[in-house]
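Structure first, commentary second.
The values are calculated or read from the model by the stated rules, or taken from the named source; none is laboratory data. Here the structure is a predicted model, which means the values were calculated and not measured. All Cβ positions, even for glycine, are placed from backbone atoms using ideal geometry, and neighbour counts span all protein chains on display. Only protein heavy atoms, including side chains, enter the accessible area calculation; ligands, DNA and RNA are left aside. Shrake-Rupley method; radii C 1.70, N 1.55, O 1.52, S 1.80 Å.
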Amino acid sequence: LSNGRANVLTFLNGCWFGRLISFMDFEGASLALIDEEQVDAVKELVHELTSLYLRLVDKCLEYYDLDGFSIHDDWGSQRSPFFSAEVGREIFLPEMKRFVDYVHSKGKFVDLHSCGHIEDRCDIFVEAGFDSWTPMAMNDTIKLYEKYGDKIAIGIVYDKPFDPETATEEEQIAAARDFAERFCKPGTVCTFSSFYNRPGLLTPAFRKELYKQSRIRYAE
């Protein structure tokens, strides 16, 4: 880490399915995934996109001191995934894994930003080798942590939030201890989702205590 902080570059917005949408609009892209006459062409496109992204990674690492990358590709709506797990594995998983393996070979980590109610696709993200994923709040992040926490860092949406405007410092510290006790278990890894938790929860008192307690627990 540089200067005690992780330098992460967020780029590649809509890098696979999202890029297909940009070419064909959503309806056309969705149909192309299940059209037997188009699937091979879609796979070829996804492969070439990944080849481009690997060159971009090289350029970024040539000019910037980075610890990792955060890439984006939305896979679902508020209610369900856009496509089946079978389609995800056949078309996207090989290229996702190719990308992740390449970045890992450079000694860097890869975070996935993917929106939607897609908790049933987390196993694909694990198979691809992503280091972390921050699900949106409609996903059961606690269940995901319990199932996959030893394989991928899950951004937790805390289910016992305090009111940062009225909570005492003691209450904030108690919340941090509760979070650490439940989600900082040795052999697993998680993050506190700054995207989808109630705004303001990362108070100075909460952050300080969570840092302390997480270090204690991960040292066990």
ask   = Taking the stretch 64-94 on its own, how many of its residues are open to solvent by 20 Å² or more (accessible area, probe 1.4 Å), over 19 Å from Glu48 (Cβ atoms) and part of a strand (DSSP E or B)?
value = 1
ask   = Pick from the stretch 106-118 the residues that are in contact with a strand residue (DSSP E or B) (Cβ under 8 Å, 6 or more places away or on another chain) and outside any strand (DSSP E or B): which of them is surrounded by the most Cβ atoms within 10 Å (Cβ to Cβ)?
value = Ile118
query = Do the conditions hold for Glu37, that is, is it assigned to a loop (DSSP other than H, G, I, E, B) and of a type in the set (Asp, Glu)?
reply = yes
task = Mind checking which helices (runs of 4 or more DSSP H) fall wholly inside the stretch 119-220 and carry at least 1 residues that are under 25 Å from Phe83 (Cβ atoms), open to solvent by less than 40 Å² (accessible area, probe 1.4 Å) and modelled with pLDDT of 95 or more?
result = 122-128, 141-148
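Which one of Leu52, Leu31, Leu45 is open to solvent by less than 60 Å² (accessible area, probe 1.4 Å) and out of contact with any His (no Cβ under 6 Å at 6 or more places or on another chain)?
Leu45
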ask   = Can you name the residue in the stretch 162-193 that is free of Cβ contacts under 8 Å to residues at least 12 places away in the same chain and hydroxyl-bearing (Ser, Thr, Tyr) and, of all such residues, is farthest from Gly116 (Cα to Cα)?
value = Thr168
request  = Give me a count of the residues in the stretch 1-28 that are open to solvent by 60 Å² or more (accessible area, probe 1.4 Å), within 21 Å of Gly107 (Cβ to Cβ) and out of contact with any Asp or Glu (no Cβ under 7 Å at 6 or more places or on another chain).
outcome  = 4
key: Any chance Lys97 is open to solvent by 50 Å² or more (accessible area, probe 1.4 Å), part of a helix (DSSP H, G or I) and in contact with a Cys (Cβ under 8 Å, 6 or more places away or on another chain)   = no
